[in-house]
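Structure record follows, encoded as C-alpha cells.
The values are calculated or read from the model by the stated rules, or taken from the named source; none is laboratory data. All figures in this text were calculated on a predicted structure; none of them were measured in a lab. In this analysis, Cβ positions are derived from the backbone assuming ideal geometry, glycine residues included, and neighbour counts consider all displayed protein chains.
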C-alpha cells in the first residue's frame, strides 16, 4: 500500500469513528417526542387532533342507472357525477378509481404476485395466465352537455382532463357509461362478485366497486391516486347517491340507502310486514319468509324490475341481488333516530342466520354507538354469502354457513357472529370516520377490531374473541423480526397482514384502555376523536393527538413503541435483594448472626453426619480454655451500655425510623424486548395477603434498558409476580417470578385449545 492510499485509509477511518461518536449523542430515548414522525399542525389539522378552522373536504354526488344481466353475469351502468371542489386549490384534472381493472388480464396485481412452487394452488396457477375477461369497459365519458371529455386510463386509475381548471368552490359534472363481467367470487376471489348455486341454478350477487368512483383530494395527500393492487382498500369522498338498479323481476335487492319506491315493487303483504318491522325492537319480522324464498328460487320470471335507492352523505355504495333471499328486519331505538336492522340470506344460511344475524346487527349498532356516536344512517344490512366479510355504507357481505343438514360447529357460529359485528362495525370505521385505507389499513381494521372485541364481550360472557386481549398477540410480537412490520407501514408492504393491521393495533388500543389510560379516560378521549372526525378524513396523528389532548396523558412513547417499531414486551425480574433496618441493638443483631450461622452450619451434609461423632476434646477436660465457654453470639454488657447511650441521644423522628420493622426489597428490572411498558407487580406476603403495584412506563425515562426500585412491607414477601393479569403482552413469563417459577405457558395453552376447537367434529351433527 503506497503512502497516499494509507493516508486516505486513515482519514476515512477517522471520519467513520467520528460519525460513530456523533451518533452516540443522538436521542434514541424511547420517550422522545413524535415531532419528526408526524405532520406539523396547521390551519387544516390542529395540534389538539381536531379539524382546523380551514379544514375542507371535497364532495361527489352520483346519479346512476345499473342493470344486472343474470344470464351473462354482466353489469351495465351509466352515471352522472357532480364533483364539488371545496378546497382552496385550482384543480387541473380529476382522478377516478377504476377498481374493477384489478381483474383485467393485464393487471399489475397479477404481475407482482410472488412465491415458489410451495405456494402454488389452483387460484395462483390460474392467476399466472388469467382467462377471466375482467375490468371496466368504458364506453363513454362526456361533459354534462354530452360533449366528449378527454381522459387517460392507467391501470386502476382514470384521469379526467378538464377543459379548463376547476376553481375553488366550483362544481363540475360529467357522465360515464360502462360495463363489466362479474367475477365468480368463489373461484377467482374478490371482495364482490357472485356465488353460483348449482342445485337450483341460481346466483347470489354481492356487488361493490361496480362503478367509476371519485378519488379523495385533501390537504395532506393532494389526489389519492395510488393504484389498487388488491390489499389497500378504498378512501372515497362523501356525497349523495341516487341509484336505480334493474334486476330480474323475481330478485330481491338489498343496497346502501333507503328504498324509495317500495310501494311499486313490493307486494301489499311485504309492505305490511316491513311496517311491522319498523315497530318491532325485540324480534325480527320476516318480509320474505324461507318458504317464500324457496318457492321463488324454483322459477325464473322474465323481465326486469327497477329498485330505487337514495343515500345521503355516504362515501360508497354496495348492493346485493338474488331470487334466493329470505329477508327479515327489526328496529333499533336510538336517542337521535330509529334504525332498521335487516338481513338478507338464502336458505343455506339457516338456521344460524334467522336466529342471529339481525339481532347481531342490532347489538353491534348499540355497542358501537355507546363508544362513538349514534348510528346516523336509516338502515344497517347484513347479507349472507359464502366465505366473505366485506363492508360498505349501510350494507355488508358476511360468511358463516351451516352444513347442508343444518348443523354447525361452535367455530362456525361464533365466526359468523364475529364477522357480522366486524363488518357492520365498519360503518363507523372507515365509512363514517373516513380514514385512508390505501395508506393506513390499521386505522379502519385495527380500530374496528378493537371495538369488535368490546362488542363481542358485551354479546355474551366468555365470548371466544380472536383478537383484543394482550396475551393473544404475544406469539406474533416475539416472532421473526424479518417477517414483522411496524403498524405504521403502508398497507401494500405489510408482513402478516392480519396480525399487523387487525390484531396488534386492536391489542394496543385495548392496552391503552385497560392499563395505560384506564377505561374512563380512554372512553372519553376515544369518543372525542370519533365525534371530531365523523364524516371527515382523519390521519394517524389526528388520532394520536386527540387521545392525548382529551386525556392529559403523554402517549408519544406508546405510539413510538407500538406503532413505529417492531420491539416487543419482555420485562424481566433480574434480581431481588432483601434488606431490614439495622437498629444497631447488639442483642438482636447477634441473635440474627447466630440464626444465620446455624442455618448454614446445620445444612452442611458433613456437619449433619458428624453430630454423634465422639471428639478428642470431649474426652479430655484439660483441653478447655476461654473459648470453650465463650459465646460470640451473646452481647456483652459493654456493648449493651454503648447502645443505650446511642439511643438516648436520638430525637423523636430518628427513634421512629429505628423502630421501623419493615422488610425492604430492591428489585432490578431489565427491558429485554425493547418496548417500554408499565411495571405491574403482585407481591404475595408471608400471611398470603397481596400487594398490587402499577408503576407508570415513565419509570424507564432515564434508562430504557435497566432500572431498580425499592419496596417496603410490614411483612416479608413470599413471591413476586410481574404482569400478573397478562395485560402488557409480555412475551416471556419465565422471568416474571421471584423466586423463579416454572409454569405452563398460558399462551401455549390457549393455542392448543384453539387448535383443538378448529379440528373438532361438529357436536350438533353427532347428536343429530
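A few remarks follow.
- Of all the numbered requirements in (1) touching a residue at least 24 places away in the same chain (Cβ under 8 Å); (2) within 26 Å of residue 414 (Cβ to Cβ), residue 440 misses one, and that requirement is (2).
- Taken over the stretch 681-717, residues that are exposed (fewer than 14 other Cβ atoms within 10 Å of the Cβ) and closer than 20 Å to residue 578 by Cα amount to 13.
- Verdict on residue 270 being in contact with a helix residue (DSSP H, G or I) (Cβ under 9 Å, 6 or more places away or on another chain) and either in a loop (DSSP other than H, G, I, E, B) or touching a residue at least 40 places away in the same chain (Cβ under 8 Å) (or both): no
- Where a residue in the stretch 521-545 is at positive phi and its partner, wherever it lies, is surrounded by 21 or more Cβ atoms within 10 Å (Cβ to Cβ), with Cβ under 8 Å and at least six apart: 535/238; 535/432; 535/434
- Scanning the stretch 559-603 for residues that are touching a residue at least 40 places away in the same chain (Cβ under 8 Å), loosely packed, with under 14 Cβ neighbours inside 10 Å and assigned to a helix (DSSP H, G or I) yields 587, 593.
- Within the span defined as the stretch 188-202, every residue fails to be farther than 27 Å from residue 325 by Cβ and either in contact (Cβ under 8 Å) with a residue 60 or more places away in the chain or out of contact with any helix residue (DSSP H, G or I) (no Cβ under 6 Å at 6 or more places or on another chain) (or both).
- Checking each residue in the stretch 204-245 for being in contact with a strand residue (DSSP E or B) (Cβ under 8 Å, 6 or more places away or on another chain), surrounded by fewer than 20 Cβ atoms within 10 Å (Cβ to Cβ) and in a strand (DSSP E or B) picks out 223, 240, 242, 244.
- Against the conditions (1) at pLDDT 95 or above; (2) outside any loop (DSSP other than H, G, I, E, B); (3) crowded, with 23+ Cβ neighbours inside 10 Å, residue 538 satisfies every one except (2).
- Summed over the stretch 390-405, residues that are without any contact (Cβ under 8 Å) to a residue 60 or more places away in the chain and closer than 14 Å to residue 351 by Cβ total 4.
- Within the option set 503, 518, 498, 468, being free of Cβ contacts under 8 Å to residues at least 12 places away in the same chain, assigned by TED's automatic domain parsing to the domain that holds residue 453 and under 29 Å from residue 416 (Cβ atoms) holds for one residue only, 498.
Conditions (1) over 30 Å from residue 373 (Cα atoms); (2) at pLDDT 95 or above; (3) in contact with a helix residue (DSSP H, G or I) (Cβ under 8 Å, 6 or more places away or on another chain); (4) part of a strand (DSSP E or B), marked per residue:
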| position | (1), (2), (3), (4) |
| --- | --- |
| 302 | yes, no, no, no |
| 306 | yes, yes, yes, yes |
| 311 | no, yes, no, yes |
| 317 | no, yes, no, no |
| 328 | no, yes, yes, yes |
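- Checked against the criterion of being at pLDDT 85 or above and over 24 Å from residue 473 (Cα atoms), the stretch 726-738 has at least one qualifying residue.
- When 601, 616, 630 are screened for being under 60 Å from the mean Cα position of the chain (by Cα) and at pLDDT 80 or above, only 601 passes.
- Of the residues making up the stretch 360-408, those that are buried (at least 20 other Cβ atoms within 10 Å of the Cβ) and assigned to a helix (DSSP H, G or I) are 360, 361, 362, 363, 364, 365, 367, 368.
Okay, residues lined up against (1) part of a loop (DSSP other than H, G, I, E, B); (2) crowded, with 20+ Cβ neighbours inside 10 Å; (3) modelled with pLDDT of 95 or more:
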| position | (1), (2), (3) |
| --- | --- |
| 473 | no, yes, yes |
| 498 | no, no, no |
| 505 | no, yes, yes |
| 510 | no, yes, yes |
| 521 | no, no, yes |
| 525 | no, yes, yes |
| 545 | no, yes, yes |
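- Among the residues of the stretch 475-496, the ones that are closer than 21 Å to residue 571 by Cα and assigned to a helix (DSSP H, G or I) come to 4 in all.
- Pairs meeting the criteria (first residue in the stretch 479-495 and within 19 Å of residue 229 (Cβ to Cβ), second residue assigned to a helix (DSSP H, G or I), beta carbons under 6 Å, at least 6 apart or on different chains) are 485/500; 494/500; 495/483.
- Of all residues making up the stretch 631-644, the number that are in a loop (DSSP other than H, G, I, E, B) and touching a helix residue (DSSP H, G or I) at 6+ places or on another chain (Cβ under 7 Å): 3
- Output for the stretch 645-683, where each listed residue is part of a strand (DSSP E or B) and free of Cβ contacts under 8 Å to residues at least 40 places away in the same chain: 683
- Listed by first and then second residue, the pairs linking a residue in the stretch 411-423 that is without any contact (Cβ under 8 Å) to a residue 24 or more places away in the chain to a residue that is outside any helix (DSSP H, G or I), with Cβ atoms under 6 Å apart and 6 or more places separating them unless they lie on different chains, are 415/400.
- Residue in the stretch 240-257 that is outside the structural domain of residue 71 (by TED's automatic domain parsing) and touching a helix residue (DSSP H, G or I) at 6+ places or on another chain (Cβ under 6 Å) present: yes
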